[in-house]
1. So residue B:81 ticks every box in (1) under 18 Å from the mean Cα position of the chain (by Cα); (2) more than 17 Å from residue B:133 (Cα to Cα) but one. Which box is left unticked?
2. Out of the residues in the range A:88-99 that are of a type outside the set (Gly, Ala, Ser) and more than 10 Å from chain B (Cβ to nearest Cβ), which is most open to solvent (accessible area, probe 1.4 Å)?
3. Take residue B:13 and tell me if it is in a loop (DSSP other than H, G, I, E, B), charged (D, E, K, R) and open to solvent by 70 Å² or more (accessible area, probe 1.4 Å).
4. Any residue at all in the range B:122-133 that's at pLDDT below 95 and within 14 Å of chain A (Cβ to nearest Cβ)?
5. Could you count how many residues in the range B:399-442 are assigned to a loop (DSSP other than H, G, I, E, B) and touching a His at 6+ places or on another chain (Cβ under 9 Å)?
6. Checking the conditions here, which among A:406, A:346, A:362 is farther than 18 Å from residue A:483 by Cβ and modelled with pLDDT of 95 or more?
7. Could you list all residues from the range B:321-358 that are among the small types (Gly, Ala, Ser) and either within 14 Å of chain A (Cβ to nearest Cβ) or in contact (Cβ under 8 Å) with a residue 40 or more places away in the chain (or both)?
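The values are calculated or read from the model by the stated rules, or taken from the named source; none is laboratory data. Note that the coordinates shown come from a computational prediction; the quantities given were computed from them, not determined experimentally. Here the Cβ positions follow ideal geometry from the backbone for every residue, glycine too, while neighbour counts run over all protein chains shown. Accessible surface areas use protein heavy atoms only, side chains included; no ligands, DNA or RNA. Shrake-Rupley method; radii C 1.70, N 1.55, O 1.52, S 1.80 Å.
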There are 2 protein chains.
Amino acid sequence: MIADRIRRPALLDKITTAEAATALIKDGMIIGMSGFTRAGDAKAVPIAMAERAKTDPFKITLITGASLGHDVDRMLTEAHILARRMPFQADRTLRAAINRGEVMFIDQHLSETVEHLRSNQLGPIDYAIIEAAAITEDGGIVPSTSVGNSASFAVLAKKIIIEINLSQPAELEGLHDIYFPGRRPSRVPIPVVACDSRVGFPYVPIDPDKIVAIVVTDEKDSASSIEAPDADTDAIAGHLIRFFEDEVAKGRLDLTLHPLQAGIGSIANSVLSGLAHGPFHHLRMYSEVLQDSTFDLFDAGKLVFASGSSITLSTACAERVFGDFHKYKEHIVLRPQEISNHPEVIRRLGVIGINTALEFDIYGNVNSTHVGGTHMMNGIGGSGDFARNAYLSIFVTKSLAKEGRISSVVPMVPHVDHTEHDVDILVTEQGLADLRELAPRERALQIIEHCAHPDFKEALSDYFRRACARGGHTPHLLEEALSWHEKARTAGTMVPLTRM
Amino acid sequence: MIADRIRRPALLDKITTAEAATALIKDGMIIGMSGFTRAGDAKAVPIAMAERAKTDPFKITLITGASLGHDVDRMLTEAHILARRMPFQADRTLRAAINRGEVMFIDQHLSETVEHLRSNQLGPIDYAIIEAAAITEDGGIVPSTSVGNSASFAVLAKKIIIEINLSQPAELEGLHDIYFPGRRPSRVPIPVVACDSRVGFPYVPIDPDKIVAIVVTDEKDSASSIEAPDADTDAIAGHLIRFFEDEVAKGRLDLTLHPLQAGIGSIANSVLSGLAHGPFHHLRMYSEVLQDSTFDLFDAGKLVFASGSSITLSTACAERVFGDFHKYKEHIVLRPQEISNHPEVIRRLGVIGINTALEFDIYGNVNSTHVGGTHMMNGIGGSGDFARNAYLSIFVTKSLAKEGRISSVVPMVPHVDHTEHDVDILVTEQGLADLRELAPRERALQIIEHCAHPDFKEALSDYFRRACARGGHTPHLLEEALSWHEKARTAGTMVPLTRM
């Protein structure tokens, strides 16, 4: 069994315990760890690290693909191991430590982290800790349910610790397409020209002598914590379907649309699932995380191919997909996040990007990350990679939060992740604002009319009217622009006095 | 003479006056006009349009490459011709009309406009009005001192009006490299792999039957209005030279650096010229506008090749360059702005982008466009194309404006063009802040310490300290964050009370 998973016999000697592997990690090291949106994360060694730190305190810089499962970020935070963390996280405990200023969090575009490593602006990585489905005869690493940054971590790290996870299906082998952009100045075009382009290796080619420890595990990926579609997400999906139908009618799209990307999270996932109810067919995805919605679209016969960097599913969907994996395997590829999110490829393919906003302002600037403008939620993730380079950049959110006390449409966002230049379409359950080729004053009218909740429409219009009287290309009343958020901070609500 | 410039005899019949050509333009049309940073702009027809509108009012949507010379934007504004204008401008009169809400200005990343045209999200263009150095035997258009968006305008427009400018050197022919990304879904990689890659035609290939009028002109391009270097810009250049030397010492760069981009304007131009005083050699540029500094570096023997979309020079520099053009010609290429600014190529080459900020905040978010957060200056131009995709994204500005009453380093920028994710290095005459791989709280310390003027340092530190006490990944005091700008608006100064 193990010999099927570790097919280079010399490496069998490297099998050890998580505790022993953990002893290799020294204070101050930079660690590159697998894991992207809970999928394919290292599961044993980080937990052993947290255990060890109880009696032997140490600090590291931890770089991953994206978020981790199994409460690993919580355990590492509680063990005070994390000095620095990048490029994304989604853990409640870690988030709190970041917001207290205890963990230095570097929030990066997901396509960029390995560029910084490759050019020695970051790093070097002391240890890569990578979950694998197998190691080939040549010592090549077969990733499991995510690629993320694992391939570059393994290639660039001084040493590698592998977790062979027996619970990950052996059939994952062949799913991955590992390609590295060349070193500058001799870098050539990335040859991905379609969602289903295969341009690299099905494993991560490394020097097997760098593998210093192998830990055998058998724990499954954490299930995605996605919420079910509701009336609001159905309404958002409905608005988008009508918009796409209209674009088809205008001759700008055909019914196969363009390659689709959907950000992680309940709303984008629900919206994508909703496309199954439209007239579209032969859809393709060029995305980062393949969620339940991807397989809903496959099962509905709507989707012909999906490219991503990870597969993150609910427990029920994982059983359905991995129980019958041959049905899906030839229609899927998993790539390094540098390639799944690469500006070059996203612009070439003309991806339609659907990402979730925390809030947006009347001119279409989007806050994806900072609650109240100050407190980090998760991170920008890949939303910037897609929004900037997409054929159509779409942001979705519900118009209200906190039981209606908070409006997601505000006069001015107190933190900008996506500028108005990168935002084409905004959708809430109230409606859709098409902002293409509009000036800011025109954008404001569309956004207030179509996206704001009726409870806040009048106050937004009033702000906009008074700001316009003061003039400017993007009119604002600076003394009032952030007052909605200040009121939310101090009184827990943005609801105008007249409605309270 | 004319036959050398219009080498397709059948087209000689199309020669007409600017007034006659202007009569073709109808109310409501969309016009694509040549011109990029004052270079290669149409000079006769737009002025005739302004004249005609005095007795025959009409409105158009005007799309250009970037800014125009010859006060054309002023004249068109005063004639009330501009209903809509995109993607960039730099005219005082037009700016005022935009800020009054009279002209709808769509401020776009310069690489993106023709993508919108090609996919019918914008357009169609009724007339392209293009300045040319010549028309070939096949009817191909040889642009003059800029390409900008002219090639795609000509290809996509229903009809074309050409201005043959006899004052533009015939030697410009052969300088241009006209390449168009293919239509999706069959688009292939852009084959530019080095600054000097030539991948297209030396002229714009079009159906010559689309040329409906040719106007012969002989007026030179407007001279650039660049200011001479001063002590502050010398100091900024000095900080950058020391930074690059340090990167070389660390083995991250060699003395040829990476391909350089410098934004339009006095500060970036001065900084680039300053590199002539460093130890660097065999430099290359992959930029949008080739200013005086480009030719200073050529003449200093420091620069081996420059790729751009336009050549915009002072009068003296233009005489030097065009008086001896054979010396430079084989070391220069002019490309469509879609290619000079394309994310794919910028990321591939690893460009070092140097752009000018109006102001930046303590976390490194940059405002490039909106004075006081509301009033448009010029537009984002290509700064976003470069900053997002650069190997190193550098923003420069003087730490003070308005005779010291305004700080360019502020608690929170009231308009964000470049988010902290896209800003690696900030430089003022005070010093340089290296923000790579730093969390926001760490960035603030670097920026306040190295970039802020001493007059404002204490107030910035005080704000930051009090904000940190309230917590958050990016600490702010929302009720105070924009108060510096509000004070500047009402009192004309940001100077703290204790110093006034």
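1. The one condition residue B:81 does not meet is (1).
2. The residue in question is A:92.
3. No; evaluated as a whole, the condition is false for this residue.
4. yes
5. Going through the range B:399-442 one residue at a time, the tally reaches 15.
6. A:346
7. Answer for the range B:321-358, where residues must be among the small types (Gly, Ala, Ser) and either within 14 Å of chain A (Cβ to nearest Cβ) or in contact (Cβ under 8 Å) with a residue 40 or more places away in the chain (or both): B:340, B:350, B:353, B:357.
Yes or no, residue by residue, for (1) surrounded by fewer than 20 Cβ atoms within 10 Å (Cβ to Cβ); (2) over 26 Å from residue A:271 (Cα atoms):
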position	(1), (2)
A:166	yes, yes
A:174	yes, yes
A:178	no, yes
A:202	yes, yes
A:213	no, yes
A:227	yes, no
